[in-house]
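What follows is a set of notes on a single structure, which appears directly below.
The values are calculated or read from the model by the stated rules, or taken from the named source; none is laboratory data. In this text, all values refer to a predicted model and were calculated from it rather than measured experimentally. Every residue, glycine as well, gets a Cβ built from its backbone with ideal geometry; the counts of neighbours run over all protein chains shown.
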Amino acid sequence: MKNLILICIGSLLAVAGVRSETVIADVFARQPTSLNGKWNVIVDPYDTGYFDYRRQPYDADEKITGGYALDKQAKGSELIEYNFDTSPTLNVPGDWNSQDDKLFYYEGSVWYRRKFDALKSAPDHRLFVYFGAANYEADVYLNGHKLGKHIGGFTPFAYEITKLARAKDNSLVVRVNNSRHAEDVPTVNTDWWNYGGLTRDVLLVETPATFVSNFRTRLKAGTTNTIEATVQLDGANKTQKVKIDFPSLKIAAEMTGDKDGIARFELAAPNLALWSPENPVLNDVEISSGADELKDRVGFRSITTSGEDILLNSKKVFLRGVCIHEEMATEGRRAWSEADARKLLGQAKELGCNFVRLAHYPHNEHMARVADELGILCWEETPVYWTIQWTNAATLANAKKQLADLISRDQNRASVIVWSVANETPVSKPRTKFLKALVDEARELDGTRLVSAAMEVHSGTMENHPGEKPESHKIVDDPFGEYTDLCSFNQYTGWYDGTLEKIDHTTWSIKYNKPVIISEFGADAKQGLHGDMMTRFTEEYQAELYRRTLPMLEQIPGFSGCTPWILFDFRSPRRPLPDIEDGWNIKGLIGHDGEKKIAYDVLKNFYAKKAKGEAVK
Ligand code: GCU
């Protein structure tokens with residue numbers, strides 16, 4: 001559809017590199033060659049390898065005039081001051097902070113270099129290098145040529161290298177810089193660790209001359225037995241035949257691509273079983289065109305709202321959730337692998353969750369794929385977090401591209417039901433205009449999912465309860481709520497706002513007749529620290545906050561789910577309290593030593609009752 005072209009063109013055009021980024025959907029299904037493993041690295045705090053002494057970039061134009069992008073110093077130069085071959089190594093994928101104590105707090109550039117051979121299986125095949133993510137900014141070079149610059153620390157990107165790659169001894173050099181800037185997305189201030197590096201898979205992908213670069217399958221709106229599919233071809237033969245086949249459903253169709261290489265299908269699927277957490281049925285899909293064949297497994301379901309209800313396959317659902325950062329807390333590192341995804345989502349499943357909020361940025365692709373299998377619904381988010389530069393056009397373009405790249409990657413995942421465009425952003429006209437633009441973008445690219453954000457809450461007096469103490473009444477009337485499908489907000493009554501007894505007096509006014517999701521609540525607790533329930537940072541305080549908060553939330557009109565903050569403790573430079581926080585945000589239900597806290601069972605018991613539809617008052 002038009003939207004799919006937008007996703008592909010959006011990825012091609014909104015790029016600051018020499019070559020355009022390209023989209024390669026379902027990359028793991030293409031038997032890619034992994035470039036994971038040990039890469040030689042040069043730590044470069046002054047960007048010596050990127051700028052000459054006048055601070056002019058070496059790669060300002062096609063001919064790179066120097067620096068580490070060249071892998072080796074120019075022939076004949078006497079002065080050799082860098083050498084990747086004899087430099088140390090880091091594991092890829094992996095953040096550098098957790099691999100080398102000298103890089104624990106490091107913010108700046110690290111240069112990575114990997115040598116590889118590229119033997120194509122057919123002369124007319126094409127080659128691409130694919131990155132699952134690099135935080136925050138990546139300049140990519142192959143054999144001394146600039147491929148491009150990717151901005152955004154959590155979204156995939158790929159470059160075509162067909163003409164530049166040699167059969168033997170290619171040199172892939174990447175400058176990754178995780179410095180923070182006010183105009184970035186996220187901006188300079190966040191409550192998570194600024195893990196830098198090539199943090200996800202790096203793959204060499206070979207395709208036929210014309211290949212399926214992206215596709216989208218979904219249930220036709222308003223039906224339970226009609227599949228809409230759109231396939232995007234990339235290559236010279238845009239109008240070649242495209243076949244889509246769902247073997248287990250015994251349905252298939254064939255179409256030719258239009259002038260833009262897009263083939264559209266509508267298939268009757270009389271025996272279609274809808275995907276749900278209780279029945280996460282996935283269907284094999286095979287798309288073939290010319291010499292290309294692509295396989296995936298997709299589920300079909302609908303997600304809509306009706307007044308204050310969330311409807312999954314037209315049935316009301318309560319979202320028993322929890323927030324997750326992309327971190328393996330017991331190892332103090334970024335999560336990136338399928339095994340990591342299975343561990344994190346397995347913990348959420350054990351807690352009794354049917355829903356997770358993947359905070360505060362796009363997680364790696366394995367998370368939504370494993371959630372598809374396990375039957376866990378997902379809220380995915382772009383890092384428009386706190387005090388973004390709302391009036392900066394480049395910042396908006398950056399946020400839009402990160403959102404478009406996320407949607408392009410995960411649009412076929414049945415588990416993903418919410419695109420979230422922000423978290424806790426101070427209300428202003430420029431901010432609401434910025435966020436509305438993101439909502440429009442999300443709806444333009446994918447009108448089948450709910451759009452939301454963690455909005456703002458403020459205290460006030462309840463009109464019809466004039467006797468109430470003002471500070472005990474919370475009002476949700478964030479103007480951004482006009483534009484979202486859900487009314488979602490974070491609330492920390494009893495932690496950041498008062499202490500435990502305030503929870504019992506808190507009442508709510510919600511301006512919108514929409515489903516309400518409490519996207520965060522919680523309290524810090526040091527695992528193993530015990531005391532009376534009025535002492536902050538004890539497990540008892542955290543557990544009592546959960547015991548009082550959950551019934552308070554049940555009183556909120558339209559309460560349709562919650563994602564307490566947070567499954568695991570996670571690293572944050574904002575949490576220095578010695579012997580308690582020590583550089584960790586300890587609101588986890590599970591400590592960073594892997595041990596569950598008392599509050600874990602409070603939530604688990606609440607969810608067990610909700611799952612059985614029991615009143616929990
Ligand atoms: C905020 C924010 C989180 C943060 C949490 C906290 O609501 O959304 O990213 O970690 O509160 O303060 O622990």
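From the list Leu274, Leu267, which one is farther than 14 Å from Phe215 by Cα, among the aliphatic types (A, V, I, L, M) and in a strand (DSSP E or B)?
Only one candidate passes the filter, namely Leu267.
Only residues that are in a strand (DSSP E or B) and either of a type outside the set (D, E, K, R) or closer than 16 Å to Thr33 by Cβ (or both) were counted across region 119-151, and they come to 16. For region 20-48, the set of residues classified as hydroxyl-bearing (Ser, Thr, Tyr) and part of a loop (DSSP other than H, G, I, E, B) consists of Ser20, Tyr46, Thr48, listed by residue number. I'd like to know if region 367-375 contains one or more residues that are out of contact with any strand residue (DSSP E or B) (no Cβ under 9 Å at 6 or more places or on another chain) and within 23 Å of Ser314 (Cβ to Cβ). Within region 367-375, one or more residues are out of contact with any strand residue (DSSP E or B) (no Cβ under 9 Å at 6 or more places or on another chain) and within 23 Å of Ser314 (Cβ to Cβ).
Within region 72-117, if we keep just the residues that are closer than 13 Å to Asn40 by Cβ and of a type in the set (Val, Ile, Thr), the residue that is surrounded by the most Cβ atoms within 10 Å (Cβ to Cβ) turns out to be Val92. Among the residues examined, Leu351 does not qualify as free of Cβ contacts under 8 Å to residues at least 12 places away in the same chain and more than 26 Å from Asp405 (Cα to Cα). Of everything in region 562-617 that is assigned to a strand (DSSP E or B) and within 14 Å of the ligand (Cβ to nearest atom), the residue that is farthest from Asn194 (Cα to Cα) is Cys562.
When Glu424 is tested against (1) at positive phi; (2) in contact with a Cys (Cβ under 7 Å, 6 or more places away or on another chain), exactly one condition is not met: (2). Please state which one of Tyr385, Tyr361 is surrounded by fewer than 24 Cβ atoms within 10 Å (Cβ to Cβ), under 27 Å from Pro93 (Cβ atoms) and within 16 Å of the ligand (Cβ to nearest atom). Tyr385 is the lone residue from the list that is surrounded by fewer than 24 Cβ atoms within 10 Å (Cβ to Cβ), under 27 Å from Pro93 (Cβ atoms) and within 16 Å of the ligand (Cβ to nearest atom). Residues of region 542-551 that are surrounded by 22 or more Cβ atoms within 10 Å (Cβ to Cβ) and either farther than 21 Å from Gly321 by Cα or aliphatic (A, V, I, L, M) (or both): Leu545, Leu550.
Filtered by the rule that a residue be modelled with pLDDT under 95 and either surrounded by 18 or more Cβ atoms within 10 Å (Cβ to Cβ) or within 23 Å of the chain's Cα centre (by Cα) (or both), region 483-507 gives a lone residue, Thr506. Within the set Glu338, Glu278, the sole residue that is of a type in the set (Asp, Glu) and under 25 Å from Phe559 (Cβ atoms) turns out to be Glu278. Of all residues in region 500-522, those satisfying the criterion of being within 16 Å of the ligand (Cβ to nearest atom) and either touching a helix residue (DSSP H, G or I) at 6+ places or on another chain (Cβ under 6 Å) or not in a strand (DSSP E or B) (or both) are Ile518, Phe521, Gly522.
Exactly one residue out of Arg216, Arg180 is among the charged types (D, E, K, R) and crowded, with 22+ Cβ neighbours inside 10 Å, and it is Arg216.
When the residues of region 152-167 are filtered to those that are out of contact with any Lys or Arg (no Cβ under 8 Å at 6 or more places or on another chain) and assigned to a strand (DSSP E or B), which remaining residue is surrounded by the most Cβ atoms within 10 Å (Cβ to Cβ)? Taking the candidates together, the pick is Phe157. Consider region 560-617. How many of its residues are on the phi > 0 side of the Ramachandran plot and at pLDDT below 95? Residues meeting the conditions: 1. Would you confirm whether any residue within region 332-340 is on the phi > 0 side of the Ramachandran plot and either assigned to a strand (DSSP E or B) or not basic (Lys, Arg) (or both)? Scanning region 332-340, I find at least one residue that is on the phi > 0 side of the Ramachandran plot and either assigned to a strand (DSSP E or B) or not basic (Lys, Arg) (or both), so the answer is yes. Filtering region 180-196 for residues that are in a strand (DSSP E or B), touching a residue at least 12 places away in the same chain (Cβ under 8 Å) and in contact with a strand residue (DSSP E or B) (Cβ under 8 Å, 6 or more places away or on another chain) leaves an empty set.
Per-residue answers, yes or no, for (1) in contact (Cβ under 8 Å) with a residue 12 or more places away in the chain; (2) under 27 Å from the mean Cα position of the chain (by Cα):
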{"residue": "Gly522", "(1), (2)": "yes, yes"}
{"residue": "Arg548", "(1), (2)": "yes, no"}
{"residue": "Pro564", "(1), (2)": "yes, yes"}
{"residue": "Phe568", "(1), (2)": "yes, yes"}
{"residue": "Trp584", "(1), (2)": "yes, yes"}
{"residue": "Leu589", "(1), (2)": "yes, yes"}
{"residue": "Val602", "(1), (2)": "yes, no"}
{"residue": "Lys612", "(1), (2)": "no, no"}
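In this structure, Ser314 does not qualify as loosely packed, with under 15 Cβ neighbours inside 10 Å and under 20 Å from Ile518 (Cα atoms). For Pro57, the criteria (1) crowded, with 19+ Cβ neighbours inside 10 Å; (2) under 24 Å from Leu164 (Cβ atoms) hold in every case but one, which is (1).
Here's the yes/no breakdown for (1) crowded, with 24+ Cβ neighbours inside 10 Å; (2) free of Cβ contacts under 8 Å to residues at least 12 places away in the same chain; (3) under 28 Å from Asp477 (Cβ atoms); (4) within 16 Å of the ligand (Cβ to nearest atom):
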{"position": "Glu380", "(1), (2), (3), (4)": "yes, no, yes, yes"}
{"position": "Asn392", "(1), (2), (3), (4)": "no, no, yes, no"}
{"position": "Ala399", "(1), (2), (3), (4)": "yes, no, yes, no"}
{"position": "Ile407", "(1), (2), (3), (4)": "yes, no, no, no"}
{"position": "Ser420", "(1), (2), (3), (4)": "yes, no, yes, yes"}
{"position": "Asn423", "(1), (2), (3), (4)": "yes, no, yes, yes"}
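The set of residues from region 81-112 being within 20 Å of Gly37 (Cα to Cα), acidic (Asp, Glu) and under 23 Å from the mean Cα position of the chain (by Cα) comprises just one member, Asp95.
One line per residue, one yes/no per condition, for (1) buried (at least 21 other Cβ atoms within 10 Å of the Cβ); (2) outside the structural domain of Tyr195 (by TED's automatic domain parsing); (3) among the hydrophobic types (A, V, I, L, M, F, W, C):
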residue: Asp532; (1), (2), (3): no, yes, no
residue: Glu554; (1), (2), (3): no, yes, no
residue: Thr563; (1), (2), (3): yes, yes, no
residue: Phe568; (1), (2), (3): yes, yes, yes
residue: Pro573; (1), (2), (3): no, yes, no
residue: Leu577; (1), (2), (3): no, yes, yes
residue: Ile586; (1), (2), (3): yes, yes, yes
residue: Leu589; (1), (2), (3): yes, yes, yes
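Selection within region 221-263: residues that are surrounded by 20 or more Cβ atoms within 10 Å (Cβ to Cβ) and small (Gly, Ala, Ser). The member of this set that is nearest to Ala291 (Cα to Cα) is Gly235. Each residue in region 223-243 was checked for being under 28 Å from the mean Cα position of the chain (by Cα) and over 17 Å from Thr22 (Cβ atoms), and 4 pass.
The single condition among (1) within 16 Å of the ligand (Cβ to nearest atom); (2) touching a Phe, Trp or Tyr at 6+ places or on another chain (Cβ under 9 Å); (3) part of a loop (DSSP other than H, G, I, E, B); (4) not hydrophobic (A, V, I, L, M, F, W, C) that Gln527 does not satisfy is (2).
Quick grid of which residues meet (1) at pLDDT 95 or above; (2) outside any loop (DSSP other than H, G, I, E, B); (3) within 30 Å of Ala182 (Cβ to Cβ):
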position	(1), (2), (3)
Lys349	yes, yes, no
His360	yes, no, yes
His366	yes, yes, no
Trp379	yes, yes, yes
Ala394	yes, yes, yes
